[in-house]
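> Dumping the structure here so I can ask a few things about it.
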């Protein structure tokens, strides 16, 4: 009932209202990034590019109101990268609100969510960008994730047998991504995710956090599968990507996305694997007369494998392999393979850390690329 | 002098500075909205549209500095709907600041305000969007209100006879709405409002709040009248609407707006009535050679009547009738009548509530429309 | 270790984490401004213009994390003027983040900074806009300053002889100003600044604050010199101004900026002087075939002299003379001289103040202008 100061990493403020009628944890964070890249040509690596940026900066409020069974979360993006992506469908304004959601535990293990937040998609996407093992997420994520959307979610969990935790998540969403203000083009989006944790829960939600900072004493495993169907979708990557404009408005087609993923942690070792597949009824966008508009749904699949080991001194070494295999005939996109070697120093867990990684990207048609990144995260 | 935690609904933080040299109440809120609509055709209602959105989200700071006689308020919009409306006159930036105002009680019952805030216009507009009786304001408001502007306000109040409270409000403003950074086109805007409360003050500022949550034991009534004149206005709805561009810059004309309104509350029953009228010297925008530009000032009038009854269990039922009668000859706009039936559940007053309403809109020329809305408000 | 309320002017919140593992001071401020101007014609002064605006509004977080040797600062702009200047290079989003920087005191008097913040340029620019002696900065600053940028800074200070404090500041930056997200055009920017304080440190950082609010008992003086070189710069004012687009992308040229400045304070009297000079290898932007694009680097120099006296009652009178001498042959810009007379009332130092000033601008080719400004600052 008192507003005690927090230890570092537990929010700027941890408020509890009088008579415990509400609570609020206020957090603020920033990521400072340096990227250098070189492309391969006949003489080796050349054409250097360098960029410093405030990659992410956020302000967060979460807690409960009225009863601990009624929780809320508001997260605001502050950096230019966070708030980009506005269009006439967001009233030509920046996409400032990340999350604005209410979660109601209305009965036993059931929760009903209303508002804008992340969909129950691939694990890598749902892990907060503050809690990543490497500098940033993989190419699988950037090309296949289903991000945030607005609508309802129903969540439930139960224990199967002695140990196996099962979580079921269902979302009914607008289907055009976050911050859309102007109507709902096409149909709605339906997402179902099932998670199995055969050895029980991870410590401190470690299934949705990179690196085994808790050094799990026994093996912990999460297996997840998501099926997402976006009815009459109008964007090239389901609820993300480019709007498929045609002569009579928008080309609409059903787009399905499947994710299979796993997270394993044990004594400082962690492994994350993900497979993604996007398919569409009619992947080539058409005008009313049947001619092609030039847009295509980015159908294809991808694989991402990532592993790391955390040393006693909180230095971690990690490796990642990502393979992107978009349907070249339809999308015209070349295959991509990326190898990433990462080193992280967790000064105060994910709240204060320095991370660096080196990535080598091979393209089936273009020039290979080398990229070196250095990032610092400060999270109060 | 202590920073005590608040009960729910009294701000995230209620700070008082050492030696009481300042105070600050920090609040945050969001409105999550679902809208569904259908238009009437020969086969009944069809063409369904559905939209989820973060309708409003705000961050607020208010309190006093130096002396309780010097108050300030800063309110920031966070949602895409809140911050839309930017243009070259706002330096092509979103309209993030809602209020930024200082209020100085310089002598007895006199207050001088400087900055950007709501003008003393129609009551429905001045009631915070957090304290509405139905999901959102009426069509009268969206078409006739004079919103926020920047400049000075002078306010005074006194008691007439035994009980009658009289309030006088005068504003001198830039006249082009909020967040304009680039000069002042046309002339200034002058607003005068007079309020009579024959049975004294409402409980807890209930005259500027929807629903009789305080269940007034005796009848409370406010009668208000506003006269607003915007000299050489350049927008179609006084300080709102579209800029009236012509061949030599902007068409300028005087636009006057009159509001007559009333609020009555008694034992859970509430009634709000408003009449609005907009007139202009030269409502049809002209080029320098006298030819018409195609823009017109939206002259006409409107009536809004709204009533509600709050049951003991904090459920409320409400009804609204709105009639919009723009001058069709000049504006080309058809007449509109809207009937709205609302149901609200005030879980913790206006701070945590669920509201739904069903509206039927009849248009003199077009197709009728049915709209169903569901909204949740969380306000810390 | 307790979160005590602050006295006015020391932040909205002054938080110290449990076990002193972090701290955070949260501040919020706004500037409300009225500008009136007249231009001189044959009949005296005419053509009046008037504008009210929220000139600046900010939210600030600063403190340390993990150890007092590791400091951070986040400053966000809120007003439309603060956040303007977005372009395709900021992903078409407003420039919301002012500062996002980490400062590490890694060894004795050495500090390493990483992130976005002000460069060590002219003194007037580095003085916070909250701590100015007059309503706003001079024309020298608006035309010659090197603002904020992103990258690394190395800072060191030492005492020379008995009293003389010496500060050295070096910055390595992206070179295109703040909030750039899309790559680094041209080369990097290198800034070196040296400061001499022959009579030791000012009270309460008074060298970087307008007005001698501390009424220094002995003379205090700071002499500073900055040399800045922006390699292959693509903007007309080094890291500010217009992008110099040409037929093959961007015209690139080295741009150097030199500042010489001084600050003196003694018993309520203050004097600030600045000289600025911008030069370029090739000031006229060219296409690939050698034809001129029409853009030019704004080469030239400027002088700014400012002085003020603070009376016992915290009223201050100040005067400023600014001379702008851009190379007319290259830039086509006329000479400007501005005389400003200012009056400030510091109610609670720079935290709550009212300022007004009257400026007379003479142009070598155009019409003279008179400008009157009135501003209020509230800073919690």
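Read the figures in this text as sums done on the coordinates, not as results from a lab. The structure presented is a predicted model; accordingly, all values stated were derived computationally and were not measured. Every residue, glycine as well, gets a Cβ built from its backbone with ideal geometry; the counts of neighbours run over all protein chains shown.
> Give the Kirkwood hydrodynamic radius (Å, one decimal) of the range A:13-379, defined as one over the mean of 1/r across all pairs of different Cα atoms.
Working: mean 1/r = 0.0458 Å⁻¹.
Every distinct Cα pair counted, the radius reaches 21.8 Å.
> Follow-up. Kindly provide the Kirkwood hydrodynamic radius of the range C:24-172 in Å, to one decimal, from all pairs of distinct alpha carbon atoms. List each step's numbers first, then the result.
Numbers: mean 1/r = 0.0551 Å⁻¹.
Evaluated on the range C:24-172, it is 18.1 Å.
> Where does the Debye-calculated log10 I(q)/I(0) of the range B:95-176 sit at q = 0.12, 0.22, 0.26 Å⁻¹, using only Cα point scatterers of equal weight, no solvent?
So the normalised log intensities are -0.43, -1.12, -1.25.
> Nearest-5 percent of antiparallel DSSP beta bridges in the range B:15-54? Don't skip to the answer; put the middle values down first.
Working: 11 of 11 bridges.
Taking every DSSP beta bridge within the range B:15-54, about 100 percent pair in antiparallel fashion.
> Still on this structure, please answer the following. In Å and whole numbers, how far do the C-alpha atoms of the range A:122-217 stretch along each principal axis, longest first?
Sorted from largest, the Cα extents of the range A:122-217 read 50, 36, 19 Å.
> Another question, then. Measure out, as a whole number of angstrom, how far apart the alpha-carbon centroids of the range B:40-73 and the range A:268-296 sit.
Result: 36 Å between the Cα centres.
> Restricting things to alpha carbons, tell me how big the range A:61-141 is in terms of Rg and Dmax, in Å.
Radius of gyration, then largest Cα-Cα span, for the range A:61-141: 15.1, 42 Å.
> Given N residues in the protein assembly as shown, what is Rg(Cα) / (2.2 N^0.38 Å)?
On the way: Rg = 30.7 Å, N = 1140, 2.2 N^0.38 = 31.9 Å.
Ratio of Cα Rg to 2.2 N^0.38 Å: 0.96.
> Using a 10 Å cut-off around each Cβ of peptide A:114-121, what is the average number of partner chain Cβ atoms that fall inside?
The shielding value for this peptide is 3.
> Neighbouring Cβ atoms within 10 Å as the yardstick, rank A:157, B:188, B:379 fewest first. It would help to have the intermediate numbers written out before the result.
Values: A:157 16, B:188 20, B:379 24.
Listing A:157, B:188, B:379 from fewest to most nearby Cβ atoms yields A:157, B:188, B:379.
> Assume the label is 7 Å from Cα along Cα to beta carbon: what separations in nm does residue A:223 have to the matching positions in the other copies?
Distances to the matching label points in the other copies: 7.7, 7.7 nm.
> Follow-up question, since we're still on this one. Translational D (Stokes-Einstein, µm²/s) of the range B:199-345 at 4 °C and 1.567 mPa s when Rh comes from the Kirkwood sum over C-alpha pairs? Spell out each step's value before the answer.
Values: Rh = 17.5 Å.
So the translational diffusion coefficient is about 74 µm²/s.
> Kindly provide the helix-only [θ] at 222 nm of chain A, computed as the sum of -39,500 (n - 2.57) over DSSP H runs of four or more divided by all residues, to the nearest 500 deg cm²/dmol? All intermediate terms of the calculation are to be shown ahead of the outcome.
Details: 4 runs with 18 residues, N = 380.
Calculated from helices alone, the mean residue ellipticity at 222 nm is -1000 deg cm²/dmol.
> Using the count of nearby Cβ atoms within 10 Å as a rough guide to exposure, how do B:25, C:205 rank from fewest to most? Spell out each step's value before the answer.
On the way: B:25 17, C:205 11.
With the sparsest Cβ surroundings first, the list reads C:205, B:25.
> Sequence gap at least 6, Cα distance under 8 Å: using those rules, report the relative contact order of the range C:1-138 to the nearest whole percent.
Details: 252 pairs, mean separation 19.4, N = 138.
Over the range C:1-138, the number comes to 14 percent.
> If you don't mind, another one. Which length gain, in nm to one decimal place, applies between residue B:182 and residue B:367 when the Cα-Cα distance is subtracted from 0.36 nm times their residue separation? The partial results should precede the final answer.
Working: separation 185, 0.36 × 185 = 66.60 nm, distance 4.06 nm.
Extra length available between residue B:182 and residue B:367 comes to 62.5 nm.
> Run the numbers on the range C:171-302 and let me know its relative contact order in percent, using alpha-carbon pairs under 8 Å that are six or more apart.
On the way: 311 pairs, mean separation 29.7, N = 132.
With pairs under 8 Å counted, the relative contact order is 23 percent.
> A further question on this structure: When only C-alpha pairs under 8 Å and at least 6 residues apart count, what is the relative contact order of the range A:285-380, in percent?
Details: 196 pairs, mean separation 18.3, N = 96.
Dividing the mean separation by the residue count of the range A:285-380 yields 19 percent.
> Moving on. Peptide C:351-363: average number of partner chain Cβ atoms within 10 Å per residue? Numbers along the way, then the final one.
Details: counts 3, 8, 0, 1, 0, 0, 0, 0, 0, 0, 0, 0, 0.
Averaged over the peptide's residues, the number is 1.
> Let me ask you something else. Output the antiparallel fraction of DSSP beta bridges having both residues in the range C:262-349, as a percent to the nearest 5.
Details: 38 of 39 bridges.
Restricted to the range C:262-349, the bridges split so that about 95 percent are antiparallel.
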